[in-house]
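Below is one structure; the comments refer to it alone.
The values are calculated or read from the model by the stated rules, or taken from the named source; none is laboratory data. Given the structure is predicted, the values throughout are model-derived calculations rather than measurements. Cβ atoms come from the backbone with ideal geometry, glycine included; neighbour counts cover every protein chain shown.
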Amino acid sequence: CIMLQYETFTDPSAAKLYIKEQGAPIVVKADGLAAGKGVIVAMTLNEAYDAVDTMLVDGAFGSAGCRVIVEEFLEGEEASFFALVDGETAIPLESAQDHKRVGDGDTGPNTGGMGAYSPAPVLTKELESVVMNSIILPTVKGMSEEGCKFVGVLYAGLMIEKKSGLPKLIEYNVRFGDPECQVLMVRLESDLAQVLLAACRGQLSGVSLNWSSGSAMVVVMASKGYPSSYEKGTVIENLDDAQLVAPSVQIFHAGTSLDEDGNYIAVGGRVLGITAKGKNLEEARDRAYRAVEVIKWPGGFYRKDIGWRAFPVKQFS
Ligand code: GLY
């Protein structure tokens, strides 16, 4: 089944009864904004009961946690799916996948994304049409029928479930993803402004997008310490040389500024997105990492294994 199984609760006993019926592992979520801390992936029943108590009895998340969602645990590969929507019609963008964990081998705390690549082999053309027909288009139609037409970028966070191979929707965002957007933008050959204008005017039907063949990869360089606290103001050198590694290298600035002497300095957590295209993912990766290595920034770090899930010989599992 493509639908994620879930129930919502305000009564702790009812939530626990449902958890007991479903069994662990199971996911308990606060139904409001909780600064990224409101999702507990409980591997045992007791962890799940504790999460319910923390949210519904102790009120750890305030009003954000006075209703909880108890959701099926999914095992598989996460992928990002973007569609451009004009209220009635939706067109898919190319596939992309990011790496959310801070450490190599997808370990350590979650971040906003430490790198990404496009296309994402896990999102095959067959899966793309499953996602469009069973997730994106019903959402767009439903919103239109409810008198609340959606126009813009719909970003479906998916889990491609290991067991069934089917995509399940974990969340929607109404924006591009970062850093997935970087790899999509360097591959997009159509005029983005024209396409966005067509979406605003409700004229997406019949529009098709042109993408460069081959692949793109972005490696995020972040301030040491991110996603916890980090130092600001560290100097970054050699950006111009890094840009010259290959014509397709493009460096996106996310958290830089200039100091009084005209040096680039880091002023954020995720600071640079070093992006490159290639005829395949290997070439894109080699170019992106060669550019990364030219950059002199002792205050920064990056993951060394972006794209590992997409390569035939897997380094981590
Ligand atoms: N890369 C994940 C996000 O933009 O939410």
Subject >> residue 90 being within 14 Å of the ligand (Cβ to nearest atom) and of a type in the set (Gly, Ala, Ser) >> reply: no
**OP:** Please list, ordered by first then second residue, the pairs with beta carbon atoms under 8 Å, 6 or more apart or interchain, first in segment 275-293 and farther than 20 Å from residue 240 by Cβ, second assigned to a helix (DSSP H, G or I).
**Re:** 278/284; 278/285; 278/286; 278/287; 281/310
Original post:
Which residue pairs have Cβ atoms under 7 Å apart, sit 6 or more places apart or on different chains, and have a first residue in segment 211-222 that is closer than 13 Å to residue 279 by Cα and a second that is among the acidic types (Asp, Glu) and surrounded by fewer than 24 Cβ atoms within 10 Å (Cβ to Cβ)?
Top reply: 211/94; 211/189; 212/189
Original post:
Would you pick out the residues in segment 1-24 that are in contact with a Leu (Cβ under 6 Å, 6 or more places away or on another chain) and not hydrophobic (A, V, I, L, M, F, W, C)?
Top reply: 12
**OP:** Assess whether residue 236 counts as being crowded, with 16+ Cβ neighbours inside 10 Å, farther than 27 Å from residue 190 by Cβ, modelled with pLDDT of 95 or more and touching a Lys or Arg at 6+ places or on another chain (Cβ under 8 Å).
**Re:** yes
**OP:** Could you check, for segment 276-289, whether at least one of its residues is of a type in the set (Lys, Arg) and farther than 22 Å from residue 100 by Cα?
**Re:** yes
**OP:** Would you check which residues across segment 180-212 are farther than 15 Å from residue 153 by Cα, in a loop (DSSP other than H, G, I, E, B) and modelled with pLDDT of 95 or more and list them?
**Re:** 189, 190, 191, 210, 212
Original post:
Is at least one residue of segment 124-146 within 24 Å of residue 219 (Cα to Cα) and within 16 Å of the ligand (Cβ to nearest atom)?
Top reply: no
**OP:** Taking residue 186 as meeting all but one of (1) among the aliphatic types (A, V, I, L, M); (2) over 22 Å from residue 75 (Cβ atoms); (3) touching a Leu at 6+ places or on another chain (Cβ under 7 Å); (4) surrounded by 15 or more Cβ atoms within 10 Å (Cβ to Cβ), write down the number of the exception.
**Re:** (3)
Original post:
In segment 63-78, is there at least one residue being within 16 Å of the ligand (Cβ to nearest atom), in contact with a strand residue (DSSP E or B) (Cβ under 9 Å, 6 or more places away or on another chain) and farther than 24 Å from residue 271 by Cα?
Top reply: yes
Original post:
Is it the case that residue 41 is surrounded by fewer than 17 Cβ atoms within 10 Å (Cβ to Cβ) and either touching a strand residue (DSSP E or B) at 6+ places or on another chain (Cβ under 6 Å) or under 23 Å from residue 122 (Cα atoms) (or both)?
Top reply: yes
